[in-house]
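These notes are about the structure you will find just below.
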Amino acid sequence: MGRSRSTGFWLIFPIFALLTIAGCGGGSKAGPPLFPGKVTLTPATATSLELGSTLSFTAAVQTVSGTNLTTTISYASSDPSILNVSPNGIACAGHWDALFTTCTPGNSGAVTVTATALGGSSIPTYVFVHPRIDNITVKGVVLNGQSVQEPCLSQTQSMTLEAHAFSQGNDITAAVGPFTWTANNPTVVTLAGLNNTTFKFPTNQVTATANTPGITYINATASGVTSTSFRQPTLTNGAGETSPVLDFFATCPVQNIALEMGAAGSGQTNVSIAKGGSAQTAIATVTDVMNNSSLPNTNGAVVLSKIPLTWTSSNPGAIGLATSCTESCALSITSPGAAMITASCSPPTCNIGFPTVPASLATSDQITACSNYFQAQYPNFGGCQLLLPKPVYSSNEFIGFTDSQGNPQPVQISAAAAISVLATGAPASPDVFAASLGCAHELPTNCITADYSFSTSRAVAGISNVNPVPLNSFLYDPPGIRVYGGSDFGALSINPAAFGGNTNAFTSLGTVTGKVLAVSANGNSALFSDTVHTPNQVYVTSATAATVALSIPNATAAAFSPDGLKIFIVGGANSSSLYVYSPLQSLQGPIALSGPANAISFSANGAFAFIEEAANGATPANITAFSTCTNQVATDLIGTQGAAVVNLPANPLMMRVLPNLHIGGTDSLGIPIPDGVHLLVLDATGFDILTAAVGAPAAGTLCPQSLAFVQNPPPALFQRIELGQQIASPANFFASPDGTLLYVVDPSSSTILTYSFIQGATTGGIQLQGNATPLSSDISADGSTIAVAGSDGLVHNVSTLTGGADLSQISFPNMPNYLNPFCSLTPSAGPCTLTTVLVKP
């Protein structure tokens, strides 16, 4: 490895000379009775000044007690041939004319400026006068045999950076003085200037310490000139080969995340927790691309810490997570229910820099040359393509053991690459939100709708709450804080908890129009699709950023990835195109789908988006898995050995991903259901059960991760549940939290159908009172209540306990001054009726 000696202490001799000059000559003179306690000169920090330019100094005088004094202040330069200061404190990098109006360049060098008043003096300010800077370079240096890990530093490792300024080809660094250092992604690196040890004065060097995984450019600035990006040190191996020039700083990206409960290495990924029991903690074992990890060690290796992972619960209404979690996250059980817990290293807070590709790694040849050089030094390093920041999702591999040669030995843990949590306890009565879409396309001056929010324990709807505009759609956010309402005239954020209070429950989302199609896992963002106005638009709202408008025609379905990095959107003619949007990346697409699609669901760990597609000519209906990080169709590593596509026997009506790793039961043929990611796809006569296993990325890649649809029995890629009756569209279905029962809500039937995995058959149903048929339905977080908006205009409070029963039917009073519970005026389409019911998560 090549070595060079730093020139970082070039400031010692000029500063020593300055101090010698400043201390010579002069004497003290008796001052007036009032003496200054302090004279403060501004600017007080060392400054660079180009020949012929000027700089304004000011000074303040105070007594010992801090009283400001108004008095004459004198300014002086230690070398007027380099820097001349006018009586009013304007410094000239050269010579003033007699009137102090024209500054003529003089000599280069370092001087001090001092302000004096009433016999007291300020602390000197250093000024470095130099020729015009043409360019500045920043390079990594190797000091006194110090080894430097390249091409990335693991967290807490550091290297020295050195800036050099040039004028007409000459190195004028010694005359420039301190540099200002910046990083475009400042959390990736901590920059600490190196001071001259004798005079505590900044040199042209800085220590760069790796912090948060990702890449950043580092620049140095002096006299308004900014350098090209930092270049890593050039190393030489034993064969005399030099390392490639890399134009970025990298804190080694995370390449693997293993999730377990309780402790690293426990292997526990499927747990049952009683509400009110002892505290539970999820643990993430994080490994970077140099195979340093968050596990403690005894060999002095780096231990990763405080990695800002993005943690998500699929059901935060039941199983919440602490905020600001890193390698561990405490669970809070607020209600019985089930959830998948996942964590990812997602930009912009982890593996920072996505989708930046540095110029030095812009081609495959550059990546190959970089990989060949550094893999010879670090056999466990997977290659320089790993330095390009990408989202990394939890995998099924725990990397905590090595063989006798120090090579990592992964241990398989979870087929779903996530933690499956079942919370048990006594159920509670949920809150229900009820509304109507009867005025959806009426002008606000003609018709306004009202909403209701109530607890099923009271079986009373309460008072109406009038929307500012008629709404065409509603979605609860996963945390259960707000309901997003879509509208042709202006979308709303609704706070049901404020109904009936003094706080306005309705917040306008500005000029956003359209139906709400999706809400992010944290509830801070929502996506709306306007297919009424021309041109069609998709709007992405955010609580922390400006609304984004996207030109996507006929968007009909969407879903946020659990980490919030991307939104997958179905749109285009016949809903046969996929679009992908990220706040960090421009809109991607259209990507052609094989047929019309109407639903998107993500795998538990967020690495895959499953899209259900209807038959299209000779192409059968199917489920297609897309890799979240690449937006491309995933590869099935076991089932088809090709594209991750599972053909279905009929067009799907609805799809859900279950939160259970383990389902203790069988399909209709009595075949047990294997563990993994369970996709349930409802069609007109039953369910297809697809079980997928999620693995780690292939060697040498951060993404995409591997995926395999389980063959059970081979070569079948799905199992079948027959319901024994025809199911109409739009149907809905729910799974019990423990994964033993399915409830099918058929809009053509007054009975909620029940299927038992344990018995492997339909076991009956729950009858709605008055033979009402469902218009809308939703289930509570604990699975104990299904709320149904019935054709009779009532909300049916259906209990799933002890066989199930329609416990109560809740009616709605007429709005004040109107003869209708939901609308201010009967629209041309007919009377407003109950159409929407949502259960607070």
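The values are calculated or read from the model by the stated rules, or taken from the named source; none is laboratory data. As the structure is a computational prediction, the values presented were derived from the model and not from experiment. Cβ: placed from backbone, ideal geometry, glycine included. Neighbour counts: every protein chain shown. To get the accessible areas, we keep the full protein, side chains included, count just its heavy atoms, and leave off ligands, DNA and RNA. Shrake-Rupley method; radii C 1.70, N 1.55, O 1.52, S 1.80 Å.
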Worksheet, complete the sentence: Residue pairs qualifying under the 7 Å Cβ cut-off, at least six apart or on distinct chains, with the first in segment 532-545 being over 14 Å from Leu517 (Cα atoms) and the second being of a type in the set (S, T, N, Q), are His533/Thr513; Pro535/Ser551; Asn536/Asn554; Ser542/Asn524; Ser542/Ser525; Ala543/Asn524; Thr544/Asn524
Discussion item. I'd like to check something: does segment 418-433 contain any residue that is on the phi > 0 side of the Ramachandran plot and open to solvent by 40 Å² or more (accessible area, probe 1.4 Å)?
Written reply: yes
Item to complete: Please indicate, with yes or no, whether at least one residue in segment 569-584 is free of Cβ contacts under 8 Å to residues at least 24 places away in the same chain and surrounded by 22 or more Cβ atoms within 10 Å (Cβ to Cβ).
Response: yes
Practice prompt. Find the strands (runs of 3 or more DSSP E) located wholly in segment 252-357 whose residues include 3 or more that are within 23 Å of Ala696 (Cβ to Cβ), and list them.
Written response: 254-261, 280-288, 310-313, 337-345
Worksheet item: Can you pull out the residues in segment 173-207 that are at pLDDT 95 or above and open to solvent by less than 40 Å² (accessible area, probe 1.4 Å)?
Response: Ala183, Asn185, Val188, Val189
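Of all residues in segment 45-84, which are of a type outside the set (Ser, Thr, Tyr), more than 30 Å from Asp134 (Cβ to Cβ) and open to solvent by 30 Å² or more (accessible area, probe 1.4 Å)? First the steps, then the outcome.
Within segment 45-84, the subset of a type outside the set (Ser, Thr, Tyr) is 46, 49-52, 55, 57, 59-62, 64, 66, 68-69, 73, 76, 79-80, 82-84.
Still in the list and also more than 30 Å from Asp134 (Cβ to Cβ): 59-62, 64, 66, 68-69, 73, 76.
Across segment 45-84, the qualifying residues are Ala60, Gln62, Val64, Gly66, Asn68, Leu69, Ile73, Ala76.
If I ask for residues that are more than 22 Å from the chain's Cα centre (by Cα), within 21 Å of Thr212 (Cβ to Cβ) and open to solvent by 10 Å² or more (accessible area, probe 1.4 Å), which ones from segment 234-263 would you list? Lay out the reasoning, then the answer.
Going residue by residue through segment 234-263, those that are more than 22 Å from the chain's Cα centre (by Cα) are 234-248, 261-263.
Checking the rest, the ones that are also within 21 Å of Thr212 (Cβ to Cβ) come to 246-248.
Selection gives Asp247 alone.
Go through segment 541-568 and report how many residues are open to solvent by less than 20 Å² (accessible area, probe 1.4 Å), under 24 Å from Ala592 (Cβ atoms) and in contact with a Leu (Cβ under 8 Å, 6 or more places away or on another chain).
Initially, segment 541-568 is screened for residues open to solvent by less than 20 Å² (accessible area, probe 1.4 Å), giving 541, 550, 552, 555, 557-559, 561, 565-568.
Imposing the further condition that a residue be under 24 Å from Ala592 (Cβ atoms) reduces the set to 550, 552, 555, 557-559, 561, 565-568.
Now drop any that are not in contact with a Leu (Cβ under 8 Å, 6 or more places away or on another chain), which leaves 550, 552, 555, 557-558, 565, 567-568.
Count: 8.
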Item to complete: Scan segment 639-659 and give yes if some residue there is open to solvent by less than 10 Å² (accessible area, probe 1.4 Å), assigned to a loop (DSSP other than H, G, I, E, B) and either among the acidic types (Asp, Glu) or at positive phi (or both), otherwise no.
Response: no
Discussion item. Tally up the residues in segment 731-772 that are in a loop (DSSP other than H, G, I, E, B), closer than 23 Å to Ile810 by Cα and open to solvent by 30 Å² or more (accessible area, probe 1.4 Å), please.
Written reply: 2
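Matching residues to (1) free of Cβ contacts under 8 Å to residues at least 12 places away in the same chain; (2) buried (at least 23 other Cβ atoms within 10 Å of the Cβ); (3) in contact with an Asp or Glu (Cβ under 6 Å, 6 or more places away or on another chain); (4) part of a strand (DSSP E or B):
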{"site": "Ile123", "(1), (2), (3), (4)": "no, no, no, no"}
{"site": "Phe128", "(1), (2), (3), (4)": "no, yes, no, yes"}
{"site": "Arg132", "(1), (2), (3), (4)": "no, no, yes, no"}
{"site": "Pro151", "(1), (2), (3), (4)": "no, yes, no, no"}
{"site": "His164", "(1), (2), (3), (4)": "no, no, yes, yes"}
Worksheet item: If you scan segment 518-536, which residues turn out to be within 17 Å of Gly571 (Cβ to Cβ) and assigned to a strand (DSSP E or B)?
Response: Ala518, Ala526, Leu527, Phe528, Ser529, Asp530
Item to complete: Determine whether segment 126-136 contains at least one residue that is touching a helix residue (DSSP H, G or I) at 6+ places or on another chain (Cβ under 9 Å) and among the polar types (S, T, N, Q).
Response: no
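With segment 427-517 as the region, which strands (runs of 3 or more DSSP E) entirely inside it contain at least 2 residues that are farther than 17 Å from Ala787 by Cα and in contact with a strand residue (DSSP E or B) (Cβ under 6 Å, 6 or more places away or on another chain)?
Working: elements: 431-435, 450-455, 473-476, 483-486, 492-494, 506-508.
Of the strands (runs of 3 or more DSSP E) lying wholly inside segment 427-517, those with at least 2 residues that are farther than 17 Å from Ala787 by Cα and in contact with a strand residue (DSSP E or B) (Cβ under 6 Å, 6 or more places away or on another chain) span 483-486, 492-494, 506-508.
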Worksheet entry | Filter result for the condition that a residue is modelled with pLDDT of 90 or more and within 26 Å of Asn204 (Cβ to Cβ), over Ser86, Ser74, Ser81 | Ser81
Practice prompt. Please state which of the following conditions Ala555 fails to meet, knowing it meets all the rest: (1) of a type in the set (Gly, Ala, Ser); (2) out of contact with any strand residue (DSSP E or B) (no Cβ under 8 Å at 6 or more places or on another chain); (3) modelled with pLDDT of 95 or more.
Written response: (2)
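Identify, please: which residue in segment 403-417 is surrounded by 13 or more Cβ atoms within 10 Å (Cβ to Cβ) and polar (S, T, N, Q) and is, among those, farthest from the chain's Cα centre (by Cα)?
Within segment 403-417, the first condition is being surrounded by 13 or more Cβ atoms within 10 Å (Cβ to Cβ), and the residues that meet it are 408, 410-417.
In the following step, the residues that additionally are polar (S, T, N, Q) were identified as 412, 414.
Numbers: Gln412: 27, Ser414: 23 Å.
Out of the qualifying residues, it is Gln412.
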Worksheet item: What pairs can you find where one residue is in segment 616-638 and at negative phi, the other is hydroxyl-bearing (Ser, Thr, Tyr) and part of a strand (DSSP E or B), and their Cβ atoms are less than 7 Å apart, with a gap of 6+ or different chains?
Response: Val633/Thr624; Ala634/Ser627; Leu637/Ser706
Item to complete: Examine segment 506-516 for a residue that is more than 27 Å from the chain's Cα centre (by Cα) and more than 17 Å from Gly317 (Cβ to Cβ), and state whether such a residue exists.
Response: yes
Item to complete: Please state which of the following conditions Cys103 fails to meet, knowing it meets all the rest: (1) under 15 Å from Thr42 (Cβ atoms); (2) crowded, with 19+ Cβ neighbours inside 10 Å.
Response: (1)
Fill in: Top-ranked residue of segment 359-402 - restricted to ones that are β-branched (Val, Ile, Thr) and in contact with a Ser or Thr (Cβ under 8 Å, 6 or more places away or on another chain), ranked as least open to solvent (accessible area, probe 1.4 Å)
Val392
Discussion item. Restricting to segment 694-730, count the residues that are part of a strand (DSSP E or B) and either open to solvent by less than 30 Å² (accessible area, probe 1.4 Å) or free of Cβ contacts under 8 Å to residues at least 12 places away in the same chain (or both).
Written reply: 11
Practice prompt. Could you list, in sequence order, all residues of segment 452-497 that are more than 25 Å from Leu825 (Cα to Cα) and under 30 Å from the mean Cα position of the chain (by Cα)?
Written response: Tyr476, Asp477, Pro478, Pro479, Gly480, Ile481, Arg482, Ala497
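With the requirement that a residue be among the polar types (S, T, N, Q), open to solvent by 90 Å² or more (accessible area, probe 1.4 Å) and assigned to a loop (DSSP other than H, G, I, E, B), what does segment 796-836 give you? So that I can check it myself, show each step before the final result.
Step one: list which residues in segment 796-836 are among the polar types (S, T, N, Q), which gives 797, 799-800, 802, 808-809, 811, 814, 817, 820, 824, 826, 828, 833, 835-836.
This time we only want the ones that are open to solvent by 90 Å² or more (accessible area, probe 1.4 Å), so: 802, 817, 828.
Within segment 796-836, Asn817, Ser828 meet the criteria.
Would it be correct to say that Leu648 is under 27 Å from Ser776 (Cα atoms) and touching a Ser or Thr at 6+ places or on another chain (Cβ under 8 Å)?
In short, no.
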Response to the item:
Pairing a residue in segment 53-80 that is part of a loop (DSSP other than H, G, I, E, B) with any residue that is among the polar types (S, T, N, Q) and crowded, with 18+ Cβ neighbours inside 10 Å, where Cβ atoms lie under 6 Å and the two sit 6 or more apart in sequence or on different chains, gives Ser78/Thr112
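Output yes when any residue across segment 777-789 is over 30 Å from Lys275 (Cβ atoms) and out of contact with any Cys (no Cβ under 9 Å at 6 or more places or on another chain), and no when none is.
No: segment 777-789 contains no residue that is over 30 Å from Lys275 (Cβ atoms) and out of contact with any Cys (no Cβ under 9 Å at 6 or more places or on another chain).
Across segment 216-244, what is the number of residues that are of a type in the set (A, V, I, L, M, F, W, C) and assigned to a loop (DSSP other than H, G, I, E, B)?
Of all residues in segment 216-244, those of a type in the set (A, V, I, L, M, F, W, C) come to 218, 220, 222, 225, 230, 235, 239.
Subsequent filtering for residues that are assigned to a loop (DSSP other than H, G, I, E, B) retains 230, 235, 239.
Within segment 216-244, residues that are of a type in the set (A, V, I, L, M, F, W, C) and assigned to a loop (DSSP other than H, G, I, E, B) number 3.
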Discussion item. For segment 492-531: of the residues being closer than 17 Å to Gly462 by Cα and of a type outside the set (A, V, I, L, M), which is surrounded by the most Cβ atoms within 10 Å (Cβ to Cβ)?
Written reply: Pro496
